[in-house]
Amino acid sequence: MRVLVVEDCRNLADLVAKGLSGQGIAVDVAYDGTEAAGKLGVNSYDVVVLDRTLPGVPGDRLCQMISTSNERSMVLMLSGAASPEERVDGLRLGADDYLVKPFDFPELVMRVCALARRQPRAQPRILRAGGVELDCVARLARRDGRPLELSGKELAVLEALMAASPGYLSAERLLETVWDENADPFTKTVAVTVGRLRRKLGEPQLIETSVGVGFRVPRPQPTNRAPPKNL
(Lines give C-alpha, C1' and ligand atoms only; values in the text may rest on other atoms or scores of the structure.)
Protein backbone atom coordinates (compact mmCIF):
# COMPACT_ATOMS: atom_id res chain seq x y z
CA MET A 1 0.00 0.00 0.00
CA ARG A 2 1.26 3.49 -0.83
CA VAL A 3 -0.12 6.61 0.84
CA LEU A 4 0.38 10.32 0.27
CA VAL A 5 -0.03 12.55 3.35
CA VAL A 6 -0.84 16.16 2.41
CA GLU A 7 -0.71 18.42 5.46
CA ASP A 8 0.78 21.90 5.86
CA CYS A 9 1.43 21.46 9.59
CA ARG A 10 4.83 19.79 9.33
CA ASN A 11 4.79 18.30 12.82
CA LEU A 12 1.42 16.64 12.23
CA ALA A 13 2.37 15.50 8.72
CA ASP A 14 5.60 13.92 9.95
CA LEU A 15 3.87 12.24 12.91
CA VAL A 16 1.19 10.74 10.66
CA ALA A 17 3.81 9.59 8.14
CA LYS A 18 5.96 8.04 10.87
CA GLY A 19 2.99 6.22 12.37
CA LEU A 20 1.80 4.83 9.02
CA SER A 21 5.36 3.78 8.13
CA GLY A 22 5.47 1.86 11.40
CA GLN A 23 2.53 -0.19 10.09
CA GLY A 24 4.56 -1.16 7.01
CA ILE A 25 2.86 1.38 4.74
CA ALA A 26 4.89 3.26 2.14
CA VAL A 27 4.32 6.97 2.82
CA ASP A 28 5.22 10.13 0.90
CA VAL A 29 4.58 13.59 2.35
CA ALA A 30 3.63 16.93 0.79
CA TYR A 31 3.45 20.09 2.88
CA ASP A 32 1.36 22.16 0.48
CA GLY A 33 -1.10 21.69 -2.37
CA THR A 34 1.37 22.52 -5.14
CA GLU A 35 3.87 19.91 -3.94
CA ALA A 36 1.05 17.37 -3.61
CA ALA A 37 -0.15 18.02 -7.17
CA GLY A 38 3.38 17.36 -8.42
CA LYS A 39 3.67 14.07 -6.56
CA LEU A 40 0.23 12.96 -7.74
CA GLY A 41 1.33 13.64 -11.30
CA VAL A 42 4.23 11.18 -11.16
CA ASN A 43 3.26 8.58 -8.52
CA SER A 44 0.34 6.24 -8.01
CA TYR A 45 -1.19 6.18 -4.51
CA ASP A 46 -3.78 3.89 -2.97
CA VAL A 47 -4.90 6.52 -0.44
CA VAL A 48 -4.36 10.27 -0.08
CA VAL A 49 -4.71 11.69 3.45
CA LEU A 50 -5.66 15.23 2.51
CA ASP A 51 -5.88 18.31 4.74
CA ARG A 52 -8.68 20.52 3.50
CA THR A 53 -6.93 23.82 4.24
CA LEU A 54 -3.67 24.06 2.26
CA PRO A 55 -1.42 26.75 0.82
CA GLY A 56 -0.84 26.60 -2.92
CA VAL A 57 -3.44 24.40 -4.57
CA PRO A 58 -6.41 24.25 -2.12
CA GLY A 59 -7.37 20.90 -0.63
CA ASP A 60 -10.85 21.11 -2.15
CA ARG A 61 -9.35 21.56 -5.62
CA LEU A 62 -6.93 18.67 -5.09
CA CYS A 63 -9.80 16.45 -3.98
CA GLN A 64 -11.71 17.21 -7.17
CA MET A 65 -8.61 16.53 -9.27
CA ILE A 66 -8.04 13.16 -7.60
CA SER A 67 -11.69 12.07 -7.83
CA THR A 68 -11.76 12.65 -11.60
CA SER A 69 -8.32 11.18 -12.35
CA ASN A 70 -7.87 8.01 -14.38
CA GLU A 71 -5.48 6.77 -11.66
CA ARG A 72 -8.10 7.07 -8.92
CA SER A 73 -6.81 7.25 -5.35
CA MET A 74 -9.08 7.02 -2.33
CA VAL A 75 -9.24 10.27 -0.35
CA LEU A 76 -9.40 10.61 3.44
CA MET A 77 -10.08 14.31 4.04
CA LEU A 78 -8.88 15.91 7.28
CA SER A 79 -10.42 19.06 8.67
CA GLY A 80 -10.94 20.94 11.91
CA ALA A 81 -14.52 21.66 10.83
CA ALA A 82 -16.84 19.20 12.57
CA SER A 83 -20.29 20.33 11.42
CA PRO A 84 -22.42 17.91 9.37
CA GLU A 85 -22.60 20.50 6.59
CA GLU A 86 -18.80 20.66 6.32
CA ARG A 87 -18.52 16.87 6.22
CA VAL A 88 -21.21 16.55 3.56
CA ASP A 89 -19.54 19.30 1.53
CA GLY A 90 -16.21 17.44 1.67
CA LEU A 91 -17.82 14.20 0.51
CA ARG A 92 -19.54 16.01 -2.34
CA LEU A 93 -16.14 17.19 -3.55
CA GLY A 94 -15.15 13.56 -4.05
CA ALA A 95 -13.67 12.56 -0.69
CA ASP A 96 -14.27 8.92 0.25
CA ASP A 97 -14.07 9.50 4.00
CA TYR A 98 -13.83 12.47 6.35
CA LEU A 99 -11.97 12.66 9.66
CA VAL A 100 -12.22 15.60 12.05
CA LYS A 101 -9.16 16.97 13.85
CA PRO A 102 -8.05 16.17 16.47
CA PHE A 103 -8.28 12.45 15.80
CA ASP A 104 -7.08 9.22 17.40
CA PHE A 105 -4.21 7.79 15.40
CA PRO A 106 -5.42 4.13 15.53
CA GLU A 107 -8.69 5.32 13.96
CA LEU A 108 -6.79 7.05 11.16
CA VAL A 109 -4.81 3.87 10.46
CA MET A 110 -7.95 1.75 10.30
CA ARG A 111 -9.68 4.25 8.02
CA VAL A 112 -6.67 4.34 5.68
CA CYS A 113 -6.57 0.53 5.54
CA ALA A 114 -10.33 0.32 4.97
CA LEU A 115 -10.12 2.83 2.12
CA ALA A 116 -7.26 0.91 0.54
CA ARG A 117 -9.46 -2.19 0.49
CA ARG A 118 -12.16 -0.20 -1.36
CA GLN A 119 -9.66 1.02 -3.93
CA PRO A 120 -10.75 -0.18 -7.40
CA ARG A 121 -7.54 -2.14 -7.95
CA ALA A 122 -7.31 -3.45 -4.37
CA GLN A 123 -6.89 -7.13 -3.53
CA PRO A 124 -9.23 -8.98 -1.14
CA ARG A 125 -8.92 -8.24 2.59
CA ILE A 126 -7.82 -11.79 3.43
CA LEU A 127 -4.95 -13.30 1.42
CA ARG A 128 -4.07 -17.00 1.69
CA ALA A 129 -1.17 -19.10 0.41
CA GLY A 130 0.84 -22.06 1.70
CA GLY A 131 -0.97 -22.17 5.03
CA VAL A 132 -0.44 -18.43 5.56
CA GLU A 133 -3.46 -16.22 6.16
CA LEU A 134 -2.96 -12.45 6.09
CA ASP A 135 -5.60 -9.95 7.17
CA CYS A 136 -4.58 -6.78 5.32
CA VAL A 137 -6.81 -4.48 7.38
CA ALA A 138 -6.11 -5.81 10.88
CA ARG A 139 -2.42 -6.23 9.88
CA LEU A 140 -2.29 -9.75 11.32
CA ALA A 141 -0.78 -12.92 9.86
CA ARG A 142 -0.94 -16.58 10.80
CA ARG A 143 0.58 -19.77 9.44
CA ASP A 144 -1.30 -22.99 10.06
CA GLY A 145 -3.18 -21.14 12.81
CA ARG A 146 0.01 -19.92 14.52
CA PRO A 147 0.29 -16.13 14.95
CA LEU A 148 3.32 -14.65 13.17
CA GLU A 149 5.25 -11.88 14.90
CA LEU A 150 6.08 -9.72 11.88
CA SER A 151 7.30 -6.14 11.73
CA GLY A 152 5.37 -3.56 9.73
CA LYS A 153 7.73 -3.83 6.76
CA GLU A 154 7.70 -7.63 6.84
CA LEU A 155 3.90 -7.59 6.80
CA ALA A 156 3.90 -5.16 3.88
CA VAL A 157 6.38 -7.26 1.87
CA LEU A 158 4.32 -10.40 2.54
CA GLU A 159 1.14 -8.57 1.48
CA ALA A 160 2.74 -7.32 -1.75
CA LEU A 161 4.06 -10.77 -2.68
CA MET A 162 0.81 -12.59 -1.86
CA ALA A 163 -1.23 -10.02 -3.79
CA ALA A 164 1.02 -10.40 -6.85
CA SER A 165 1.07 -14.23 -6.69
CA PRO A 166 2.04 -16.13 -8.77
CA GLY A 167 3.91 -13.29 -10.47
CA TYR A 168 7.34 -12.06 -9.46
CA LEU A 169 8.11 -8.70 -7.87
CA SER A 170 11.57 -7.28 -8.37
CA ALA A 171 13.51 -5.76 -5.49
CA GLU A 172 13.03 -2.37 -7.17
CA ARG A 173 9.27 -2.84 -7.33
CA LEU A 174 9.11 -3.92 -3.68
CA LEU A 175 11.20 -0.91 -2.71
CA GLU A 176 8.75 1.37 -4.53
CA THR A 177 5.65 -0.34 -3.11
CA VAL A 178 6.64 -0.91 0.51
CA TRP A 179 9.12 1.86 1.30
CA ASP A 180 8.88 5.45 0.00
CA GLU A 181 10.30 7.87 -2.53
CA ASN A 182 13.38 8.53 -0.39
CA ALA A 183 14.49 4.87 -0.30
CA ASP A 184 17.97 4.20 -1.70
CA PRO A 185 17.57 2.09 -4.88
CA PHE A 186 20.99 0.52 -4.25
CA THR A 187 20.23 -0.59 -0.71
CA LYS A 188 20.04 -4.25 0.34
CA THR A 189 17.05 -3.49 2.56
CA VAL A 190 14.66 -5.58 0.46
CA ALA A 191 16.87 -8.69 0.50
CA VAL A 192 17.46 -8.33 4.25
CA THR A 193 13.73 -7.91 4.96
CA VAL A 194 12.80 -10.90 2.77
CA GLY A 195 15.44 -12.98 4.58
CA ARG A 196 13.97 -12.12 7.99
CA LEU A 197 10.46 -12.80 6.69
CA ARG A 198 11.48 -16.22 5.40
CA ARG A 199 12.89 -17.19 8.79
CA LYS A 200 9.74 -16.09 10.61
CA LEU A 201 7.45 -17.90 8.15
CA GLY A 202 9.32 -21.15 8.74
CA GLU A 203 9.22 -24.34 6.70
CA PRO A 204 8.29 -25.18 4.05
CA GLN A 205 9.59 -22.04 2.40
CA LEU A 206 6.81 -19.84 1.02
CA ILE A 207 8.87 -17.26 -0.89
CA GLU A 208 10.80 -18.20 -4.03
CA THR A 209 13.69 -16.22 -5.50
CA SER A 210 14.67 -16.03 -9.15
CA VAL A 211 18.06 -14.36 -9.69
CA GLY A 212 17.68 -11.26 -11.84
CA VAL A 213 13.87 -11.49 -11.71
CA GLY A 214 12.72 -11.10 -8.12
CA PHE A 215 10.63 -12.80 -5.49
CA ARG A 216 7.27 -14.52 -5.54
CA VAL A 217 4.78 -16.62 -3.63
CA PRO A 218 3.81 -19.45 -6.00
CA ARG A 219 0.30 -20.79 -6.19
CA PRO A 220 -0.11 -24.37 -4.98
CA GLN A 221 -0.08 -26.98 -7.68
CA PRO A 222 -3.38 -28.83 -8.10
CA THR A 223 -3.38 -32.34 -6.74
CA ASN A 224 -3.88 -35.06 -9.34
CA ARG A 225 -6.56 -37.35 -8.06
CA ALA A 226 -7.40 -40.68 -9.51
CA PRO A 227 -10.87 -40.81 -11.04
CA PRO A 228 -13.41 -42.59 -8.83
CA LYS A 229 -13.98 -46.23 -9.58
CA ASN A 230 -17.31 -47.28 -10.99
CA LEU A 231 -19.43 -48.92 -8.35
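A few notes on this one:
- In region 191-212, residue modelled with the highest pLDDT [restricted to those that are among the small types (Gly, Ala, Ser) and over 24 Å from the mean Cα position of the chain (by Cα)]: Gly202
- Failed item, numbered, when Ala81 is tested on (1) farther than 29 Å from Pro124 by Cα; (2) not in a loop (DSSP other than H, G, I, E, B): (2)
- Among the residues of region 44-75, those identified as of a type in the set (A, V, I, L, M) and either surrounded by 22 or more Cβ atoms within 10 Å (Cβ to Cβ) or modelled with pLDDT under 85 (or both) are Val47, Val48, Val49, Leu50, Leu54, Leu62, Ile66, Met74, Val75.
- When residues of region 93-106 are limited to those that are more than 16 Å from the chain's Cα centre (by Cα) and outside any loop (DSSP other than H, G, I, E, B), the one nearest to Ile66 (Cα to Cα): Asp97
- Taken over region 144-159, the residue count meeting the criterion of being closer than 10 Å to Val132 by Cα and either surrounded by fewer than 15 Cβ atoms within 10 Å (Cβ to Cβ) or touching a Gly at 6+ places or on another chain (Cβ under 7 Å) (or both) is 4.
- Of all the criteria given as (1) under 30 Å from Val42 (Cβ atoms); (2) surrounded by 15 or more Cβ atoms within 10 Å (Cβ to Cβ), the one not satisfied by Glu133 is (1).
- The set of residues in region 36-64 that are in a helix (DSSP H, G or I) and either among the aliphatic types (A, V, I, L, M) or free of Cβ contacts under 8 Å to residues at least 24 places away in the same chain (or both) comprises Ala36, Ala37, Gly38, Leu40, Gly41, Val42, Leu62.
- Residue count for region 26-41, restricted to those that are at pLDDT below 90 and out of contact with any Asp or Glu (no Cβ under 9 Å at 6 or more places or on another chain): 1.
- Test: residue in region 13-30 that is surrounded by 19 or more Cβ atoms within 10 Å (Cβ to Cβ), part of a helix (DSSP H, G or I) and small (Gly, Ala, Ser): yes
- Here Arg128, Arg72 are screened, and the one residue that is among the basic types (Lys, Arg) and either under 21 Å from Leu15 (Cα atoms) or in the same structural domain as Ala37 (by TED's automatic domain parsing) (or both) is Arg72.
- Taken together, the residues in region 71-92 that are of a type in the set (Asp, Glu) and under 25 Å from the mean Cα position of the chain (by Cα) amount to 1.
The values are calculated or read from the model by the stated rules, or taken from the named source; none is laboratory data. These numbers were taken from a predicted model, which means no experiment stands behind them. Neighbour counts run over all protein chains shown; Cβ positions are idealised from the backbone, glycine included.
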